[in-house]
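Down below is the structure, laid out as structure tokens.
All of the numbers you see were taken from the coordinates with simple rules; none came from a lab. Model, not experiment: these values are computed from the prediction. Note that we place each Cβ from the backbone using ideal geometry, even for glycine, and neighbour counts take in every protein chain shown.
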Amino acid sequence: MRCESMDKKLDAYVDGELASGDIKLLEAHLEECAACGRELESRRALRRLAASRPRVTAPVDLQDRILSAAAARVRGDQVGRTPGSPDSRWWRRARWPLALAAAASLALAVLVPGMLDNQQPAHQTAPFTTPARVVVTRFGEQAGQVTPVKFGGIVLNRTNGRSS
Amino acid sequence: MSIQQLTDQYLDQVFRFLCVLIQDRDTAADLTQDTFLKLQDLPRSNELPSEAYVLATARNTALSWLRRRKLERKHVEVLTHDELNLQGKSSRAEAPDRVIESRELGAALDAALEALPEDFRVVFHLSEVEGLSYAHIAEVVDCPTGTVASRKHLAVQRLRAHLKESGHAL
């Protein structure tokens, strides 16, 4: 067996994945070939190095998060979707568009009647207009004349139609 | 089989695999949650699903997410081991020089792994870290066993070349 054909087989050999027939051929070659022996040792060193690396672990709260989400999901499945629940991705995705739609509806509800009012004839807007101020002078009074008026024991100076 | 049993058995493994696949810790945590919620939908059974099945579900979840986000690897903040929760440090006392040398070599391997293409990185991780057989890796990554062997070989070649370039020939 030539060294070139050994290269790929060495990885499978180290991983315990080489077929038994190939194992015999490879081991026979390794007894004769120092270069392939060094290649084998290099691969084993890489394997030891990879195995020596610290193992990444999940965040401490992740299992609780998953269990809570799973429980909420089961409850949701029994009583129907609960889009308001914090774990609902549907709700998380939809909440801003829904808020914008609600704001737009509110704005339309306020603005459109006002715009329609501006387009309507004056006689149709009469119920919402402030009544014109009517100054009625009592008999014998003249406009601008100050008349003392008693109101609950308090004397007010009244000028035609207004108090001061 | 309950979600509690599933997470007890596979949580760290799924999270670790998704970290390798996505290279972003927060996203890996979200996708780990999605993976277990998918597994919750499995028909009721007394037996836990196989390791390969669980990891294949995690991979499919990650691929769906990647497709959805059209996220390319170059846009992902590369996660180094130093930023992750680490445990399982060697308890054997080592001389300071050897510790530094070992740390440098380990950091060089981490950098080399991060530089690997995703297909090679995943196969190397599943083989060397999780200890899966080629047949099980093939099940996880949905490719023939021969392809797994080729990817593993190429991953080893590239890692050794990377280590050699950084002055850490094995």
message: Give me B:ILE137, B:ILE22, A:ILE23 sorted ascending by neighbouring Cβ count inside 10 Å, so fewest comes first.
response: A:ILE23, B:ILE22, B:ILE137
- line: The simple spin-label model distance between A:ALA28 and A:ALA102, using points 7 Å out along Cα→Cβ, in nm, is 8.0
In range of the label at B:GLN40: residues from segment B:1-30 whose backbone nitrogen is under 13 Å from the point 7 Å along Cα→Cβ: B:2-7
- prompt: Alpha carbon centre of segment B:130-145 versus segment A:13-40: separation in Å?
  reply: 23
- line: A correct Stokes-Einstein calculation for segment B:12-68, using the alpha-carbon Kirkwood radius, 10 °C and 1.306 mPa s, returns a whole-number D in µm² s⁻¹ of 139
